[in-house]
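Q: I have a structure I would like to understand better, so I am pasting it below and will then ask my questions one at a time.
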Amino acid sequence: MKDDPGVTVRALLTAAGIAPSEEEVEKMILSYPMLRAAADSLYTDEISRHLPAFFPTDEDLEER
Amino acid sequence: MIDGLPVTITEAATALRSRSLTSLELTERLLAQTESLDATLGTFIARFDETALAAAAKADADFDAGIDRGPLQGIPLGVKDIIAAREGATTACSKVLDPDWGRGHDAPVVARMRAQGAVILGKTATLEFAMGPPDPDGPFPLHRNPWDLERWPGGSSSGTGTGVAAGLILGGLGSDTGGSVRIPAALCGISGLKPSFGLVPKSRVVPLAHSLDTVGPMARSARDCATILQAIAGASPDDPTSIDRPVPDYASALTGDASGLRVGVERDHHSRSAGFDSACRERFEAAVSALEGAGAEIVDVRLDGYPEINAAALLTSAAESFAYHRKNLQTRFNDYGRATRHSLSIGAFYGSADYVQAQKVRAWGLAKLRRVLSDCDVIVTPTIGVPAPGLSEDFWAMMEWTYTPAWNLLGVPALSIPMGPVDGGLPSGLQIIGARFDDATVLRVADAYQQVTEWHTRLPPCAQTAG
């Protein structure tokens, strides 16, 4: 199913309960494809094998 | 020096202790500098002249009595107006923040500076909620770069940046969630540290993105940043993200040289990018050479996954800031500045799975960084790949060339220091990144660079002619 930024952005804003002006919505629609593409780029098999670290982890702590 | 006054904390601390200068004299002169320049630069949101002069007098009385509370005694400093200070309200430069937020209380970082006898001159300007581009239609002053008043000083810690650069304060606090200490440091020609996540408590600090936010020092030199960091670092019981571990002696780590240290130079995702400003590239390469001259071993490195780490940082920031502001965006959308509400609304575009995936990138990215740091002690990059933009230019165009957010996601220390002028005499910044909780080595490398260069001593023309 093709993602129509205009439809998607309006639906997401409605779901979030926020109501920008039409001019502001149009600006957000323009930026959405780039933002979505950046988020989609994170779904690689290599990344998905890791557990989420909701805060920076202490694994790299070393005595220095 | 500005009119014979020291412009660094280190110089001022020496003068105060020799009593060749009193804190009262220093504070009065900086207040006069503020009178001359603040209306133009937009540095302060609130000034605490009366209480600052009283604190300066107290510092002098303590010195005369042989009482020395610490390196910040008698030193005039600024505090970004998302950090609570008891003298007045915190605004976050927004109409939205509760007017009583933090009123009457000091954030731990402010209390710690005050415990050393620091003089708090006032609350410095911030982008609204430390978030996005300046809003020229907003009720808060526009921020101007001291090096070119028609250019942006960077943000969101704009006021602390301009205040230090123009000599209105000798140092101060900013906050950094995606670059908000380092960007104004780079564009204003000063030094600014994003410390390790968890090193400095951020209770009574208005949050932006809770897993990325840090409070960091801004001053003219890395040595001065180390002095402020020494005062503010350490766990606080009211901040569960602050890590309880011993705070190193940062001053003693500043050996003045980089001998025995390996400096990793990451060019592939930075200065080798198409469209990178050629003058910035020249300055960066010159900085690398200077580090070698300071005793460092230079190693070429590449951080695989940098684009994904950067993307995850921006997604995490958008999601977390949206979560914090969601209710107010629903009920007070138009009370936010236009640019701020646009930036905050972006968080609504991501789903829960996106946020979780970004946190997997955090773990993945930390593993990749650990591999790079097995070959070097610190990594260096430019802070920003273009000069300060004009006030009317597109802020997001500059962000494309800003190399700061990735290090917030990974929770590691990152410091920006001046590396020389680019076109039009505008400052440029060298970014030094280290392992988590190895802020000392980052500061040591920066201090070593500043022993062999003088870029951090440059003063903007407006600072030299004011007063």
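The values are calculated or read from the model by the stated rules, or taken from the named source; none is laboratory data. Being a predicted model, the structure only gives us computed values, none of them experimental. Here Cβ is always computed from backbone atoms with ideal geometry, including for glycine, and neighbour counts include all displayed protein chains. These accessible areas exclude ligands, DNA and RNA; they are computed on the full protein's heavy atoms, side chains included. Shrake-Rupley method; radii C 1.70, N 1.55, O 1.52, S 1.80 Å.
Q: Where does chain A land at 222 nm, in deg cm²/dmol rounded to the nearest 500, when only DSSP H runs of n ≥ 4 count, each adding -39500 (n - 2.57), divided by all residues? Before the final figure, lay out the partial values.
A: Working: 3 runs with 35 residues, N = 64.
When only DSSP H runs of four or more count, the value is -17000 deg cm²/dmol.
Q: Could you please report the charge total around B:C376, scoring K, R as +1 and D, E as -1 over all other residues with beta-carbon less than 10 angstrom from its beta-carbon? If you can, show how the numbers build up before the last one.
A: Values: positive: B:R262; negative: B:E266, B:E297, B:D300, B:D375, B:D377.
Summing Lys/Arg as +1 and Asp/Glu as -1 gives -4.
Q: Where does the longest stretch of chain B lie that holds no GluC sites (Glu not before Pro) found in a DSSP loop with 14 or fewer other Cβ atoms within 10 Å? Write down the numbers at each step before the final one.
A: Details: sites that count: B:E150, B:E393, B:E400, B:E454.
Answer - B:151-392.
Q: From a point 7 Å beyond the Cα of B:D137 in the direction of its Cβ, which residues of the range A:1-30 have a backbone N at a distance under 18 Å?
A: Hits in the range A:1-30 for B:D137 at 18 Å: A:19-29.
Q: Mind checking which of B:L315, B:H456, B:L391 is farthest towards the positive end of chain B's charge dipole, using Cβ charges of +1 (Lys, Arg) and -1 (Asp, Glu) about the Cα centre?
A: Result: B:L315.
Q: Can you give me the solvent accessible area of A:R36 with a 1.4 Å probe, rounded to the nearest 10 Å²?
A: Roughly 40 Å² of A:R36 is accessible to a 1.4 Å probe.
Q: Taking 0.36 nm per residue of separation and subtracting the Cα-Cα distance, what length does fully extending B:L149 through B:A115 add? Provide the component values of the computation, followed by the final result.
A: Details: separation 34, 0.36 × 34 = 12.24 nm, distance 3.59 nm.
Result for the pair: 8.7 nm of gain on full extension.
Q: Can I ask one more? How charged is the neighbourhood of B:V361? Take every other residue with its Cβ under 12 Å from the Cβ of B:V361, and add Lys/Arg as +1 and Asp/Glu as -1. Could you put the intermediate results ahead of the total?
A: Values: positive: A:R49, B:K360, B:R362, B:K368; negative: A:E46, B:E308, B:D354.
Here the count lands on +1.
Q: Relative contact order for chain B: what percent, with Cα pairs under 8 Å and sequence separation of 6 or more? The partial results should precede the final answer.
A: Details: 1106 pairs, mean separation 86.8, N = 467.
Reported as a whole number, the value is 19 percent.
Q: Express in whole angstrom the spacing between the alpha-carbon centres of the range B:175-223 and the range B:348-363.
A: Cα centroid to Cα centroid, the span is 24 Å.
Q: How much length would be gained if the chain were fully extended between B:A274 and B:A32, taking 0.36 nm per residue of separation minus their Cα-Cα distance, in nm to one decimal? Write down the numbers at each step before the final one.
A: Values: separation 242, 0.36 × 242 = 87.12 nm, distance 4.53 nm.
Taking 0.36 nm per residue and subtracting the Cα distance, the gain is 82.6 nm.
Q: For the full complex of protein chains and a 1.4 angstrom probe, list B:S20, B:S345, A:S41 by accessible area with the highest value first. Intermediate values should be presented prior to the final figure.
A: Working: B:S20 85, B:S345 0, A:S41 50 Å².
Output order, biggest surface exposure first: B:S20, A:S41, B:S345.
Q: So if we plug the beta-carbon distance of A:T14 and B:W101 into 1/(1 + (r/R0)^6) with R0 = 41 Å, what FRET efficiency do we get, rounded to 0.05? Working shown, then result.
A: On the way: r = 30 Å, r/R0 = 0.73.
The computed FRET efficiency comes out at 0.85.
Q: Continuing with this model, one more query. All other residues with a Cβ under 12 Å from the Cβ of B:C188 taken together, and with Lys, Arg as +1 and Asp, Glu as -1, what is their net charge?
A: Working: positive: B:R144, B:R151, B:R182, B:R220, B:R458; negative: B:D148.
Result for the neighbourhood of B:C188: +4.
Q: How would the range B:325-459 be classified by its alpha-carbon gyration tensor: rounded, prolate or oblate, with rounded meaning a/c under 1.5 and the a/b versus b/c comparison settling the rest? Intermediate results must be reported in sequence, preceding the final value.
A: Numbers: a/c = 2.68, a/b = 1.29, b/c = 2.08.
In terms of gyration-tensor shape, oblate.
Q: Where the only charges are on Cβ atoms (+1 Lys, Arg; -1 Asp, Glu), what is the dipole of the protein assembly as shown about its Cα centre, to the nearest 20 debye? Could you put the intermediate results ahead of the total?
A: Working: 47 positive and 67 negative charges, 116 e Å.
It comes to approximately 560 debye.
Q: Something else about it: Using the charge dipole of the protein assembly as shown (Lys, Arg: +1 at Cβ; Asp, Glu: -1 at Cβ; taken about the Cα centre), state which of B:G74, B:P99, B:P184 has its Cα farthest towards the positive end.
A: Comparing the listed Cα positions along the dipole, B:P99 ranks first.
Q: Write down the percent of antiparallel bridges among all DSSP beta bridges whose residues are both part of the protein assembly as shown, to the nearest 5. If you can, show how the numbers build up before the last one.
A: Working: 30 of 46 bridges.
In the protein assembly as shown, approximately 65 percent of DSSP beta bridges are antiparallel ones.
Q: Once both labels are modelled 7 Å past Cα along the beta-carbon direction, what's the B:F395-B:D3 spacing in nm?
A: That separation, rounded to one decimal, is 3.3 nm.
Q: Rounded, prolate or oblate, given the Cα gyration tensor of the range B:1-84, with a/c below 1.5 counting as rounded? Please report the intermediate quantities before stating the final value.
A: Working: a/c = 2.00, a/b = 1.49, b/c = 1.34.
Prolate.
Q: Also: Show me the chymotrypsin sites (Phe, Trp or Tyr not before Pro) within the range B:93-163 that DSSP assigns to loop and that have at most 15 other Cβ atoms within 10 Å of their Cβ. Mind showing how you got there, number by number?
A: Details: sites: B:W101, B:F129, B:W147; in loops: B:W101, B:W147.
Here the chymotrypsin sites (Phe, Trp or Tyr not before Pro) that fit, given the DSSP loop and packing criteria, are B:W101.
Q: Report the per residue volume, in Å³, of the convex hull enclosing the C-alpha atoms of the range B:134-289. The partial results should precede the final answer.
A: Details: hull volume 25.0 nm³, N = 156.
Cα convex hull per residue, to the nearest whole number: 160 Å³.
Q: Working from the pairwise distances between different alpha carbons, so that the mean of 1/r is found and then inverted, what is the range B:32-168's Kirkwood radius in Å?
A: Across the range B:32-168, the inverse of the average 1/r is 15.3 Å.
Q: Considering only C-alpha atoms, what is the centroid distance from the range B:32-54 to the range B:244-294, in Å?
A: First find each Cα centre; the distance between them is then 34 Å.
Q: A further question on this structure: Of B:P6, B:P382, B:A111, which is farthest on the positive side of the dipole of chain B, counting Cα position, with +1 on Lys and Arg Cβ, -1 on Asp and Glu Cβ, and the Cα centre as origin?
A: Checking the options against the dipole of chain B, the answer is B:A111.
Q: Then there's this: Calculated FRET efficiency, A:F55 and B:S20, Cβ-Cβ r, R0 56 Å, to nearest 0.05? Mind dumping the intermediate values first?
A: Numbers: r = 47 Å, r/R0 = 0.84.
Here the calculated transfer efficiency is 0.75.
Q: Between the DSSP loop rule and a limit of at most 16 other Cβ atoms within 10 Å, which trypsin sites (Lys or Arg not before Pro) in the range B:1-63 are left? Mind dumping the intermediate values first?
A: On the way: sites: B:R17, B:R19, B:R29, B:R47, B:K58; in loops: B:R19.
Filter output for the range B:1-63: B:R19.
Q: With r defined as the distance between the Cβ atoms of A:D40 and B:R370 and R0 fixed at 45 Å, what FRET efficiency is calculated, to the nearest 0.05? Working shown, then result.
A: Values: r = 26 Å, r/R0 = 0.59.
The formula returns an efficiency of 0.95 here.
Q: Strictly over 24 Å apart at the Cα level, which of A:K27/B:K360; B:K95/B:K202; B:K123/B:K327; B:K95/B:K360; B:K80/B:K368; B:K202/B:K368 would you flag in this model? Present the calculation step by step, with values, prior to reporting the outcome.
A: Numbers: A:K27/B:K360 30 Å; B:K95/B:K202 22 Å; B:K123/B:K327 27 Å; B:K95/B:K360 36 Å; B:K80/B:K368 33 Å; B:K202/B:K368 28 Å.
Flagged as over cut-off: A:K27/B:K360; B:K123/B:K327; B:K95/B:K360; B:K80/B:K368; B:K202/B:K368.
Q: From the Cα gyration tensor of the range B:94-223, with a ≥ b ≥ c the square roots of its eigenvalues, which class applies: rounded if a/c is under 1.5, or else prolate if a/b is larger than b/c, or else oblate?
A: Details: a/c = 1.40, a/b = 1.13, b/c = 1.24.
It comes out rounded by the Cα gyration axes.
Q: Could you please state, rounded to a whole Å, how far the C-alpha centre of the range B:429-467 is from the C-alpha centre of the range B:81-95?
A: 28
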